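Single-structure report; data block below.
The values are calculated or read from the model by the stated rules, or taken from the named source; none is laboratory data. What you see is a predicted model, and the numbers here were worked out from it, not measured in a lab. Neighbour counts run over all protein chains shown; Cβ positions are idealised from the backbone, glycine included. Remember, those area values only see protein heavy atoms, side chains included, never the ligands or the DNA or RNA. Shrake-Rupley method; radii C 1.70, N 1.55, O 1.52, S 1.80 Å.
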Amino acid sequence: MTEFLNCPIPFHTGFSAQEKIVMAHGGGGRTMQKLIQELFAKEFTNEFLSNEHDSAQLPMPSGRIAFTTDSYVVNPLFFPGGDIGRLAVFGTVNDLAMSGARPQYLSAGFILEEGFSIESLIKVVRSMKIAADLSGVKIVTGDTKVVEKGKGDGVYINTAGVGVIEHSLKIEPSSVCVGDRVLISGDLGRHGIAIMAARSGLQFETTIRSDCAPLSPMVLALVEAGVQIHCLRDLTRGGLVSALNEISQKARVEIKIRESAVSVLAEVRGTCEMLGLDVLSVANEGRLVAFVPESDVERALQVMKRFEVGEQSCEIGAVESGGRSRVLIEGLIGVTRVLDMPSGEQLPRIC
Ligand code: MG
C-alpha cells in the first residue's frame, strides 16, 4: 500500500507536483473549487457525495445507530505504517466498532495550511480512500477550510462516522460485570513508538511500524459468532492503562491483569525504557480490549485469531470484584500493584 501511495501524481492530471494550497483571495477560490472537483469528489466518489448538495441524504436503518467524531492532528503527517489520512478513517471506524456497529458513512473536514503541498494532500486523500474501502465505509460529505501560513500544520482532519447496530447487545462499560474475562487483540505500543521515532530530532531509528488498522471486521465477526460481548475499547490515547481505568470507573469494578500475558515487541519495550515511557500507556491504533463472560472466552479468541489484527489475541486478566473502581497488575516477578491512570499527556500529537 505504501508503494501505491508513493507513485507519482499524474493520476490527477489537473495538478502539478509543485502546486501549493493558497488562500481564498486572488485566485484561491478557483484552486479550492478545482481541488474539490478534481481531488475530493473524484477520489471519494459515491452516489451520496456526487449529489453535490449541502448535506448528504442517507437511508436510515431502523433500530440503533452509532455516531462518533474525532479530530486528527498527528505529527508527522506520514509515519511508518500509516499517515494522517489512514488514521482519520480507521480511528473513527474503530470508535464505531467499539459499539459493535457496522461502520457506514463518514464525513471528512480538512483544515489546510496555506502553502501545504498539493502532492502531499493527494497522498493523504488517496490513503483515506483506500482506508475507507478497507473499512466498508463511504465518505459522503466533507468540508475544506484554508488558514494562513504558520497558523496550521499542513493539514488537520476531522472525521465523523455513522454505523448501524445490528444486534441487541449493550456493548458499553456499564455492561461489564464480575467474572468477565479481559482479552486484548495483540501486542501493544507500536503506534506511539512509531510516531516518536518518526519525529524529527529524535536520536534513534527503529523499524517499528504503527499498528494502525480497522477493527470492525473482527468485531462484526465476534457479534456474528454470538459472543456475548460486554464491552470493547480501542487502546488509543493512554493505551491499555487508560482504557482499563475508564472502564473500571464507569462499571465500578476491580480489574486485575497479568503483565506476563501482555505481548510487547522487544524493540518497542527497549524504546519505551530508553524514553522512560510505560508501554501499557502508549497509544495503539489497531488494538482493542474486550470484556466477555468466561464461558465465551474460547470462542472469542478463536474468532479474533482468524484476523490479521487479532492473530495474537489472548486473555490477560479478569474482573475480580465489584463496588470498588481499581485496576491491578500482577508484575513479572509476581508483585501486584495498582495501575493508575497515566499522569498528564505522555505523547502529544500521536493521533
Ligand atoms: Mg476509542
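The residue that is least open to solvent (accessible area, probe 1.4 Å), counting only those in the range 50-68 that are closer than 25 Å to GLU38 by Cα and in contact with a helix residue (DSSP H, G or I) (Cβ under 8 Å, 6 or more places away or on another chain), is ALA56. Scanning the range 238-253 for residues that are within 12 Å of VAL319 (Cα to Cα) and either surrounded by fewer than 18 Cβ atoms within 10 Å (Cβ to Cβ) or of a type in the set (A, V, I, L, M, F, W, C) (or both) turns up LEU244, ILE247, ALA251, ARG252, VAL253.
Restricting LEU240, LEU277 to those that are within 16 Å of the ligand (Cβ to nearest atom) and either of a type in the set (Lys, Arg) or touching a residue at least 40 places away in the same chain (Cβ under 8 Å) (or both) reduces the list to LEU240. The requirement of being open to solvent by 10 Å² or more (accessible area, probe 1.4 Å) and in contact with a helix residue (DSSP H, G or I) (Cβ under 7 Å, 6 or more places away or on another chain) is not satisfied by LYS42.
Of all the residues in the range 324-343, those that are over 13 Å from ILE247 (Cα atoms) and loosely packed, with under 15 Cβ neighbours inside 10 Å number 9.
Of all residues in the range 176-222, those that are of a type in the set (Val, Ile, Thr), farther than 15 Å from LEU301 by Cβ and surrounded by 16 or more Cβ atoms within 10 Å (Cβ to Cβ) total 5. Scanning the range 69-108 for residues that are within 16 Å of the ligand (Cβ to nearest atom), within 12 Å of the chain's Cα centre (by Cα) and open to solvent by less than 30 Å² (accessible area, probe 1.4 Å) yields a count of 13.
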